[in-house]
Amino acid sequence: MSDEKKAGVLNGFREFLMRGNVVDLAVAVVIGAAFTSVVNSVVKGVINPLVGAFGTKDLEHYRSCLKGPCSVNDAGDAVSGIPILWGTVLSAVLTFLITAAVVYFLMVLPMSRYLARKAARERREAVQHAEAEAAEVALLREIRDVLVAQRG
């Protein structure tokens with residue numbers, strides 16, 4: 001590869017990395033990873049014990065057996081039968097719902113309200129600007145008419 005092509009490729013790569021949306025995406029991934037650990041701890045520390053008040057303390061222990069008697073070895077692997085681990089699925093669904101609710105109520109809803117207020121303010125300013133321009137044009141027309149009347 002020639003030096004010009006290498007420089008062009010490197011410049012293109014640098015421009016790609018410096019785009020705002022790439023940096024925003026990287027920040028979102030880091031925050032999302034940290035947020036996931038918070039949500040997981042809420043599910044394991046609060047939701048699972050609440051559900052455990054009605055049954056086992058951990059949702060992971062909720063399971064059914066599809067075929068025959070299920071037996072599990074010490075490692076947790078099924079030795080006989082076909083276990084359906086619906087507690088794990090329920091835990092994942094609760095984690096997803098909590099994550100979606102927090103993202104919506106703490107990020108999406110406030111941002112949409114902010115953007116709506118900003119758009120309304122910009123519309124008001126545009127209307128005021130248009131009214132000011134219209135008043136200015138009317139004043140200039142009056143001045144023109146007065147000057148034409150004075151000449152004539």
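The values are calculated or read from the model by the stated rules, or taken from the named source; none is laboratory data. None of the values given here were measured: they were computed from a predicted structure. Neighbour counts run over all protein chains shown; Cβ positions are idealised from the backbone, glycine included. Note: accessible area is taken over every heavy atom of the protein model, side chains too, but ligands, DNA and RNA are not part of it. Shrake-Rupley method; radii C 1.70, N 1.55, O 1.52, S 1.80 Å.
Rolling a 1.4 Å probe across all protein chains gives Lys67 an accessible area of roughly 140 Å². Principal-axis analysis of the Cα atoms of the chain puts helix 20-42 at an angle of about 40° to the longest axis.
Between Tyr104 and Glu142, take the C-beta separation as r, use R0 = 41 Å, and let me know the FRET efficiency to the nearest 0.05. The partial results should precede the final answer.
Values: r = 55 Å, r/R0 = 1.34.
Computed FRET efficiency for Tyr104 and Glu142: 0.15.
Only protein heavy atoms count here; on that basis, with a 1.4 Å probe, Val29 has an accessible area of about 100 Å².
Sort region 1-146 into rounded, prolate or oblate with this rule: let a ≥ b ≥ c be the square roots of the eigenvalues of the Cα gyration tensor; rounded if a/c is under 1.5, and if a/c is not under 1.5, prolate when a/b is larger than b/c, oblate otherwise. Can you show the working numbers first?
Numbers: a/c = 5.03, a/b = 2.00, b/c = 2.52.
Verdict is oblate for region 1-146.
Judged by the gyration tensor of its Cα atoms, with axes a ≥ b ≥ c, region 1-71 is oblate; a/c meets the 1.5 cut and b/c is at least as large as a/b.
Placing a label point 7 Å from the Cα of Arg117 along the Cα-to-Cβ direction, the residues of region 82-111 whose backbone N falls under 11 Å from that point are 110-111.
Model label sites at Ala53 and Val9, defined 7 Å from Cα along the beta-carbon direction, differ in position by 6.2 nm.
I'd like the FRET efficiency for Trp86 and Lys44, computed as 1/(1 + (r/R0)^6) with the beta carbon distance as r and R0 of 30 Å, rounded to 0.05. Each step should come with its number before you reach the end.
Numbers: r = 17 Å, r/R0 = 0.58.
That gives a FRET efficiency of 0.95.
For the chain, the Cβ-based charge dipole about the Cα centre amounts to some 200 debye (Lys, Arg positive; Asp, Glu negative; other atoms uncharged). Compared with the dominant Cα axis of the chain, that is its longest principal axis, helix 109-151 is turned about 10°. Let a ≥ b ≥ c be the square roots of the eigenvalues of the Cα gyration tensor of region 57-134; is it rounded (a/c under 1.5), or, if not, prolate (a/b larger than b/c) or oblate? Taking the square roots of the gyration eigenvalues as a ≥ b ≥ c, region 57-134 is prolate.
Amide hydrogen proximity for Ile84: with H placed 1.01 Å from N in the peptide plane, the residues at 5 or more positions away or on another chain lying under 5 Å are Ser64, Cys65, Leu66.
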